[in-house]
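As structure tokens, the structure follows; a few thoughts come after it.
Throughout, read-outs are computed from the coordinates displayed, never taken from laboratory work. Everything quoted here is computed from the prediction, not taken from an experiment. Note: ideal-geometry Cβ built from the backbone for every residue, glycine included; neighbour counts use all protein chains shown.
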Amino acid sequence: MRCFILLSLGAAALCAQQTVIKAARLFDGRSDSLQSPGLVVVEGNKITGVGASAVLTPNAKVIDLGDATLLPGFMDAHVHLTNERGMDSRQDRLDNQARSTAETALRAIKHLRATLHAGFTTVRNLGANEFVDVAMRNAINAGEVEGPRILAASKGLGSLGGHCDGMNGQRPGFYGREPDWRDGIVDSPEAGRQAVRHNVKYGADLIKICATGGVLSLNNDVDSPQLTQAELDAIIDEAHAKGKRVAAHAHGAAGAKRAIRAGIDSIEHGSFLDDEALTLMKQKGTFFVPTLHASWSLMEADKQGSVMDPRTKLKMLAAVRRVDETVRSAIARGIRIAFGTDAGVGKHGSNAEEFVLMVKLGMKPIDALKSATSVDAELFGVSDTLGTLDAGKLADIIAVPGDPVADITRTRSVHFVMKDGRVLKQSRVN
């Protein structure tokens, strides 16, 4: 309870209004089991008490969610809020070319809302043109737009003609010039440093690189390395010197190992990681963000008749054949697995499907929940304010019906969302 005595007002006590959130059980974000019953006390935008030891005021507002589980707001380490893949990749490409930056930002508002209402209150946006994600972050922080808390990477950095080269697939001269470090293209260690400085200058919270080929880019390789060791060393050194973490899109083992040796903070996707790469990750404490949601979404769309470039389909099938084996091996080795979906490849708001996919591959449900709370918070560098339900942390609190440890699919049905102490979603449980 926080009361402040104002002598100038005749010793009247002004107390912050308490909100008490109650449910049958609670997951604090770090423990190996649920607590019962669940209770969290909020004042302003902060948690002030959790569980039986919490101090309540007589005039507290009580939100009783019944047979539900309270959890910290979920986090997603890998989203693309400015895009959402349709059923025809060729049409997507034409549409993206026709859209202005302003239209891209406005269209993303529905993605922001879908993500937040799915219970994901903090995300890393790993790639956006024209610093649109920085603008969205700023608008959300100012209360002008409703959405999750965003850590923005802005333009991904990669090689000329590689996965991060957004000018792939066009005739020479289509854009008037070849892209350079201002567009995220790295063709030397010095260009890598310049690209990092450019992104940081215009507001990036972290750096995203493309260490290998990818599935959805218009070239034939998915697993080949696309940055040299010297380029990776320079990029990661420059970013870390500026206090920024670095995420590496890396399907192939060779490129991933270069990034791991250079000190990368997380490997994203990792479809073709080999034993040596996984051993290096375990030794160095590198986070692994498998983004199973992406390959699952592509396969589901393919079943429904989506139109895809033949090169893309071959790469998709190759990645899908290997990623499950890689993730099972990473789980068995105790590698730190963080939660990320690559949403935008799949539908925004369906992020919780990643929990189901992780558990199917052998992760314990409680560990899957940790991956999207305390583990992601550590990866993001925000453990002091988010990721667990503890007094003093920001009041990002969600609820799902029933027990998500007994049935991980419950995470698909978030019915209560509080972000920064504000209730943004509250619906009846069926």
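Look at the dipole of the stretch 74-351 built from charges on Cβ: of Leu273, Ser188, Leu116, the Cα furthest out on the positive end belongs to Leu116. Springs between Cα atoms under 10 Å define the GNM used for the chain, and in it the highest mean-square fluctuation of Arg336, Arg177, Arg90 occurs at Arg177. Each label was represented as a point 7 Å from its Cα along the Cα-to-Cβ direction; for Met299 and Glu378 these points are 2.9 nm apart.
If you model the stretch 211-262 as an ellipsoid using its alpha carbon gyration tensor, with each semi-axis the square root of five times an eigenvalue, the axes come out at 22, 11, 8 Å, biggest first. Evaluating kT/(6 pi eta Rh) at 20 °C and 1.002 mPa s, with the Kirkwood radius of the stretch 250-389 over Cα pairs in the Stokes-Einstein relation, gives 138 µm² s⁻¹. When Val79, Val62 are arranged by Cβ crowding within 10 Å, least crowded first, meaning fewest neighbours, the order is Val62, Val79. Between Leu56 and Glu146, the modelled label-to-label distance comes to 2.8 nm, taking each label 7 Å out from Cα in the direction of the beta carbon. Summed over qualifying helices (DSSP H, 4 residues or more, each -39500 (n - 2.57)) and divided by its residue number, the chain shows a 222 nm mean residue ellipticity of -9500 deg cm²/dmol. Site pair Ala406 and Asp187 shows an inter-label distance of 6.1 nm when each label is modelled 7 Å from Cα along Cα→Cβ. Between Asp180 and Gln17, the C-beta separation translates, for a Förster distance of 60 Å, into a calculated FRET efficiency of about 0.65.
Sorting Leu157, Leu65, Leu81 by the number of Cβ atoms found within 10 Å of their own Cβ, with the fewest placed first, yields Leu65, Leu81, Leu157. The number of Lys pairs in the stretch 74-351 with C-alpha atoms less than 13 Å apart, excluding pairs fewer than 8 positions apart on the same chain, is 9. The magnitude of the dipole of the chain, with charges of +1 and -1 set on the Cβ of Lys/Arg and Asp/Glu and taken from the Cα centre, is near 520 debye. The stretch 222-297 and the stretch 306-322 have their alpha-carbon centroids 21 Å apart. Which residues among the stretch 235-251 fall inside the zone where the amide N is under 14 Å from a point 7 Å beyond the Cα of Arg197, along Cα→Cβ? 235, 238-239, 241-242, by backbone N distance to the label point. The stretch between Asp390 and Ala332 holds 17.9 nm of extra length on full extension. This uses 0.36 nm per residue minus the Cα-Cα distance. Looking at Ala301, Gly255, Val289, which one has the Cα that reaches farthest to the positive end of the dipole of the stretch 254-338 (charges on Cβ: Lys, Arg +1; Asp, Glu -1)? The residue sitting farthest along the positive end of the dipole is Gly255. Here is the list for the stretch 162-268: chymotrypsin sites (Phe, Trp or Tyr not before Pro) lying in DSSP coil, each with at most 10 other C-beta atoms within 10 angstrom of its C-beta, are Phe174. Counting only whole DSSP H helices of the chain, the ones at least 27 Å long by C-alpha along their axis and with mean Kyte-Doolittle hydropathy no lower than -1.0 are 310-333.
Look at the dipole of the stretch 74-351 built from charges on Cβ: of Thr228, Pro310, Tyr202, the Cα furthest out on the positive end belongs to Tyr202.
Annotation: the residues Thr373, Thr212, Thr385, sorted from fewest to most other C-beta atoms within 10 Å of their own C-beta, follow the order Thr385, Thr373, Thr212. Cut-off 10 angstrom, C-alpha nodes, Gaussian network model of the chain. Which of Ala343, Ala247, Ala319 fluctuates the most? Comparing Ala343, Ala247, Ala319 in a Gaussian network model of the chain, the most mobile one is Ala319. Which value does Rg/Rh take for the stretch 74-351 over its C-alpha atoms, Rh per Kirkwood? Reported Rg/Rh (Cα atoms, Kirkwood Rh): 0.93.
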